[in-house]
Every structure is written in structure tokens, then in C-alpha cells.
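Take a look at the structure below.
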Amino acid sequence: MQLFTAKGSANFLALLLSLLSTLTFCYADLNSGNHDANSSSVLQERKMYPALAAFNEKMMNADRHVFTNEQGYMDFKPAGNRVFASDGFDGCIGLAVASKKGALIGHYTMTNWGLNELNTNFKDLYKAYKNDLRSGKAWVYVNVHAHDESQFVVEDMAPQFIDGLRRITGMEPQIKKYIIAMDYWYDEDANPIYGDPDHENMRSGGFYIENPGGGSADSKLVYANIRMIKKSGEPIDL
């Protein structure tokens with residue numbers, strides 16, 4: 001998130017307190033699109049949108065979550081629908097590989113420590129389940145500037161994570177972008193830009209991978225995209 005000046009610090013503190021109960025922060029210094037393995041489409045938004053409400057419910061009720069500076073694998077070969085998720089992206093980077101048989105997720109701070117996790121623990125997990133994952137696809141979920149979506153927020157680190165995933169998997173990762181909602185709705189002095197945002201429903205970045213089980217069906221990646229994150233903070237009276 002961008003730094004606020006002293007002029008808006010009091011406003012920012014009040015906003016921060018209202019968000020702490022709903023957002024999991026993952027700045028570099030702290031601890032919706034819809035894609036299957038072969039195709040992609042974009043989540044439709046709502047005004048208190050059904051699609052966003054459904055996304056939030058899936059995230060909340062996921063079978064397993066990967067938290068900040070962790071990685072994990074989920075087996076899709078057993079029968080039964082499974083949802084594998086990672087949430088609370090507020091500056092971190094997400095890496096995912098998914099196939100019909102399983103999925104691997106990493107959620108890291110944009111630091112050298114996070115990069116080391118990718119090149120050690122994430123790499124080791126990929127090697128352990130390579131036979132199940134090699135037929136899948138890879139994604140990177142990365143933070144971009146709220147008002148310049150062509151620019152990574154951490155310009156020096158993001159390419160290193162992308163290259164690392166490419167090197168580990170031998171796949172060309174698809175790049176999926178997210179923004180920090182507060183940076184879109186407020187200026188650097190913590191003043192609202194577009195009216196009075198809806199803090200209660202404002203969403204951080206997140207994604208999940210869903211598979212019906214059995215090892216023969218495509219996995220589906222669903223993520224909070226830039227448009228969804230922007231609209232999640234729309235003032236109620238818009």
C-alpha cells in the first residue's frame with residue numbers, strides 16, 4: 001500500500017481499524033477471473049454482486065488455505081469436490097500449478113526470503129508431485145499499481161518470482177493481476193477519491209483452485225481480479 005502523509009494519518013488510522021477485522025495483510029515487511037487447465041473466462045461482478053458473494057463464500061469454506069510465506073499441495077485424485085485457496089493478498093505474490101490430479105500453491109512476501117522459499121520448499125514440493133502436476137498449467141498472481149495496471153508494485157522482485165516458477169516447472173506462467181483496494185479508493189493523504197467507499201465489503205486479493213475429484217476432470221482457478229476488487233469498495237449509493 002502507498003504511504004500516507006501526516007496530513008491524512010488520522011483518517012487512515014480510522015480506516016485501518018475498520019479493515020483489520022476483514023483483511024489479512026501481507027506486505028513485503030509483514031508476515032476474479034476464472035480459469036480451468038485449458039481455458040479461461042472472467043468472473044462477472046455484482047452490486048453487492050452474487051459473483052463476489054459466491055467467491056467470498058468459496059474462500060471462507062475452502063478445504064484448505066495456504067497462508068503468507070507458506071506453500072502446500074492438494075491431491076485431486078480421491079473422489080469428492082475439493083477447494084484449495086489462498087487469501088489476504090495485500091502486496092504478496094501467489095504462485096500456482098494445477099492439473100487434473102492435484103494443485104500446488106505458494107504465497108510469499110516480495111522479498112529475498114520469499115524468493116528463497118520459492119526456490120527451496122516450493123521447488124521441493126513440485127519435484128515430489130511432478131508426475132501429477134506436469135500436465136497442468138502455472139499461474140502467477142501479482143500486485144500492480146491501482147492507477148497504472150501495467151506496472152508491478154515491486155518491479156525488481158516480481159520478474160524473479162515469475163522466472164523462478166518458469167524454471168522450476170518448465171511451464172510458461174500466466175500472469176494474473178490484482179490491486180490493493182485502499183490504493184484505488186484513497187489518495188496519498190487518505191482522502192476518498194470516488195466518494196465514500198464500502199469498507200465492509202472491500203476485498204483483498206485472493207484465489208482458489210477447485211476440482212470435482214477423481215483425477216480425470218480439469219481444475220478451475222478462480223481469482224479476485226482488478227475489476228472485482230475495485231467494485232467491492234463501491235459506495236452503497238452508487
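What to note about this one:
- Environment charge at V83 (Cβ cut-off 13 Å; Lys +1, Arg +1, Asp -1, Glu -1): 0
- In this simple spin-label approximation, S216 and E188 carry label points 7 Å from Cα along the Cα→Cβ vector, and these lie 5.9 nm apart.
- Taking Lys and Arg as +1 and Asp and Glu as -1, the other residues whose beta-carbon sits under 15 Å from that of N116 total -2.
- Reach of K137 by Cα under 17 Å, taken over aspartates and glutamates that are not fewer than 8 positions away in the same chain: D36, D75, D163, E172, E210, D218
- For the set W139, W113, solvent exposure ranked by accessible area (probe 1.4 Å, protein chains only) runs largest to smallest as W113, W139.
- Note on T120 and R134: the extension gain reaches 3.2 nm, defined as 0.36 nm multiplied by sequence separation minus the Cα-Cα distance.
- Net charge of Cβ neighbours under 10 Å - reference Q71; Lys, Arg +1; Asp, Glu -1: -2
- Carbon and sulfur %, accessible surface of region 97-238 computed with the full protein complex present, 1.4 Å: 44 percent
- Using the Cβ-Cβ distance between E155 and E57 with R0 = 41 Å, the FRET efficiency computed as 1/(1 + (r/R0)^6) comes to roughly 0.75.
- Where L95, L125 fall by accessible area, highest first, once all protein chains stay in place (1.4 Å): L125, L95
- Of K77/K231; K123/K220; K77/K123, pairs whose Cα-Cα distance is over 30 Å: K77/K231
- Each part reduced to its alpha carbon centroid, region 170-215 and region 84-124 end up 17 Å apart.
- Here the simple spin-label model places points 7 Å from the Cα toward Cβ, and for R166 and F67 these points are separated by 3.3 nm.
- Residues in region 140-178 that a label on N112 would reach, taking backbone N under 17 Å of a point 7 Å out along Cα→Cβ: 155-161
- Heavy-atom accessible area for I175, with the other protein chains in place and a 1.4 Å probe, reaches approximately 60 Å².
- Shape call, region 101-173: gyration tensor on alpha carbons, a/c limit 1.5: prolate
- For region 132-238, the square roots of the Cα gyration tensor eigenvalues, ordered a ≥ b ≥ c, give a/c of at least 1.5 with a/b no greater than b/c, which places it in the oblate category.
- Fully extending the segment from I175 to D75 would add 33.6 nm, taking 0.36 nm per residue of separation and subtracting the current Cα-Cα distance.
The values are calculated or read from the model by the stated rules, or taken from the named source; none is laboratory data. None of the values given here were measured: they were computed from a predicted structure. Note that we place each Cβ from the backbone using ideal geometry, even for glycine, and neighbour counts take in every protein chain shown. Surface accessibility is based on the protein's heavy atoms, side chains included, excluding ligands, DNA and RNA. Shrake-Rupley method; radii C 1.70, N 1.55, O 1.52, S 1.80 Å.
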